[in-house]
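S.K.: Next up is a structure, given as structure tokens.
Quick note: the coordinates plus some simple rules give every number you see, no bench work behind them. Everything numeric here is computed off the predicted structure, so don't read it as measured data. We place every Cβ from the backbone using ideal geometry, glycine too, and count neighbours over all the protein chains shown.
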Amino acid sequence: MKEIEDKLLVKIAQMYYQEDKNQSQISKELNIHRSTISRLLKKSREDGIVNITINHDLVGTYSLEKALETKYGLLKAIVVPTAIDVQSLQKVRALAKATSEFLQSILVNDMIIGFSWGQAMSVISEELKGNEANNLICVPLIGGPSGRLISEYHVNTITYAASKKLHAKALLIDSPAFPETKELKEALLANEFNQELIHYWEKISVAIFGIGSPQIKDSDRWQYFYGEDVLSRLNGEVVGDVLSRFYDSNGHHIPNELDCRLIGITVDDLKAAQFRIAVAESLEKAAAIKAALLGKYMNILVTTQETAEEILKD
């Protein structure tokens with residue numbers, strides 16, 4: 001009896017999985033009720049007659065994501081496959097789409113979503129889509145540039161554009177990231193508008209930001225944001241920065257006089273956010289990204305395949 005049943009299970013499994021026949025076709029051909037076919041297909045899997053495997057690593061990124069999550073204790077790693085000849089803007093666009101898709105999966109009512117500045121953030125705001133979550137609030141995580149910066153990369157532009165896509169409220173900032181003096185910073189933060197912003201920073205739900213690296217400090221965007229040679233004020237231990245908070249190769253924050261003038265979310269408030277999404281790529285930034293991972297600045301990383309491979313090297 002068991003042998004007959006096993007032969008029937010094999011027959012049905014072959015018809016369904018190898019001959020690509022649906023359950024209705026099998027039911028008619030074998031004169032067995034469709035519900036029985038469904039039950040026998042399930043039994044064929046339970047008995048080990050059929051083994052289903054999923055090729056997670058078809059595009060070569062699943063194993064990289066799991067390796068990053070395991071090594072750095074990430075909530076989620078998202079690795080975007082990239083071809084060798086893909087241009088920088090195309091990579092940024094792919095990262096932005098992946099970030100948008102992940103954001104859609106985590107948004108719930110009453111979340112406060114913070115944004116940084118820069119090209120990647122600008123593209124992310126373009127890629128965002130409407131969501132069913134209600135009462136969302138979008139805020140900048142840092143003040144504006146001290147120097148010249150393309151308006152589309154300004155944190156206010158990004159925050160406002162994101163709020164429109166997400167049907168959210170936007171609170172913008174009219175203070176620079178680095179006022180000229182500590183006294184001026186304190187005066188700016190004392191006003192009612194900025195006090196409200198600080199209140200939101202303390203309750204941030206989602207923070208989305210890039211990672212800076214001294215390896216690319218000569219880029220126009222770096223110079224235009226700071227309006228000065230920031231690294232000349234620091235020692236050579238700087239490996240990277242998150243929201244203008246500088247850290248060493250172990251991810252430890254490097255205290256400096258710029259901290260006293262910086263208008264932006266604190267490291268403690270950032271790390272208290274439920275979702276801390278870092279979006280960064282390039283071999284030049286690999287050391288900075290690795291150090292930020294060690295420093296636990298993010299719990300979600302969105303990067304490219306080539307960058308992930310470099311980060312995972314011992």
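S.K.: Once you mark the GluC sites (Glu not before Pro) that are in a DSSP loop and have at most 16 other Cβ atoms within 10 Å, what is the longest gap between them in the chain?
M.R.: The segment 20-131 is the longest one with no such site.
S.K.: Which of Asn31, Asn109, Asn135 moves the most in a Gaussian network model of the chain with Cα springs under 10 Å?
M.R.: Asn31
S.K.: Could you grab the relative contact order for the chain? Cα pairs under 8 Å, six or more apart, rounded to a whole percent.
M.R.: Computed value for the chain: 18 percent relative contact order.
S.K.: Here's another thing I want to ask about it. With θ taken as phi - 60° and the coefficients 6.51, -1.76 and 1.60, list the Karplus ³J(HN,Hα) couplings across the range 205-212 in order, rounded to whole Hz; mark glycine and proline as x.
M.R.: 9, 10, 10, 10, 8, x, 10, x
S.K.: Determine the alpha carbon to alpha carbon distance for each of Lys97/Lys169; Lys76/Lys296; Lys97/Lys271; Lys97/Lys203; Lys91/Lys296; Lys66/Lys290 and list only those over 19 Å.
M.R.: Listed pairs above 19 Å: Lys97/Lys169; Lys97/Lys271; Lys97/Lys203; Lys91/Lys296.
S.K.: Counting only Cα, what are the radius of gyration and maximum Cα-Cα distance Dmax of the chain, in Å?
M.R.: 25.3, 89
S.K.: Could you give the distance between the Cα centres of the range 162-220 and the range 239-271, to the whole Å?
M.R.: Using only Cα atoms to place each centre, the spacing works out to 13 Å.
S.K.: Treat the count of other C-beta atoms within 10 Å as a stand-in for reagent exposure and order Ile204, Ile158 from fewest to most.
M.R.: Ile204, Ile158
S.K.: With r defined as the distance between the Cβ atoms of Ala190 and Glu284 and R0 fixed at 35 Å, what FRET efficiency is calculated, to the nearest 0.05?
M.R.: It comes to 0.35.
S.K.: Still on this structure: Most exposed first by the Cβ proxy, i.e. fewest other Cβ within 10 Å, how do Met298, Met111 rank?
M.R.: Taking fewest neighbouring Cβ atoms as first place, the list is Met111, Met298.
S.K.: Among Lys129, Lys97, Lys43, which one moves the most in a GNM of the chain with springs linking Cα atoms closer than 10 Å?
M.R.: Comparing Lys129, Lys97, Lys43 in the GNM, the peak value goes to Lys43.
S.K.: Let me ask something else. Compute and list, largest first, the equivalent-ellipsoid semi-axes of the range 2-46 from the alpha carbon gyration tensor, each √(5λ) rounded to a whole angstrom.
M.R.: Square roots of five times the eigenvalues give 15, 11, 10 Å.
S.K.: As an exercise, use a Förster radius of 41 Å and the Cβ-Cβ distance of Ile49 and Leu75 to find the FRET efficiency, rounded to the nearest 0.05.
M.R.: After rounding to 0.05, the efficiency reads 0.65.
S.K.: Order of Ile32, Ile113 from fewest to most other C-beta atoms within 10 Å?
M.R.: Taking fewest neighbouring Cβ atoms as first place, the list is Ile32, Ile113.
S.K.: Considering only the chain, what is the antiparallel percent among its DSSP beta bridges, to the nearest 5?
M.R.: Bridges in the chain that DSSP calls antiparallel: roughly 20 percent.
S.K.: Amide H of Arg261: which non-local residues (sequence gap of 5 or more, or other chain) have their own amide H closer than 5 Å, using H built in the peptide plane?
M.R.: Residues meeting the amide H criterion: none.
S.K.: Build a GNM of the chain with springs between Cα atoms under 10 Å: which of Arg93, Arg39, Arg276 gets the top mean-square fluctuation?
M.R.: Evaluated over the chain, the most mobile residue of the options is Arg39.
S.K.: Give me the net charge for the shell around Met15: Cβ to Cβ below 10 angstrom, other residues only, Lys and Arg +1, Asp and Glu -1.
M.R.: Taking every other residue near Met15 into account, the sum is -1.
S.K.: If you don't mind, there's one more thing I want to ask. For the chain, what is the calculated [θ] at 222 nm in deg cm²/dmol (nearest 500), taking -39500 (n - 2.57) for each run of four or more DSSP H residues and dividing by its residue count?
M.R.: The helix-only estimate for the chain comes to -12500 deg cm²/dmol at 222 nm.
S.K.: So, counting K/R as plus one and D/E as minus one, what does the shell of residues with Cβ under 11 Å around Lys43 add up to?
M.R.: -1
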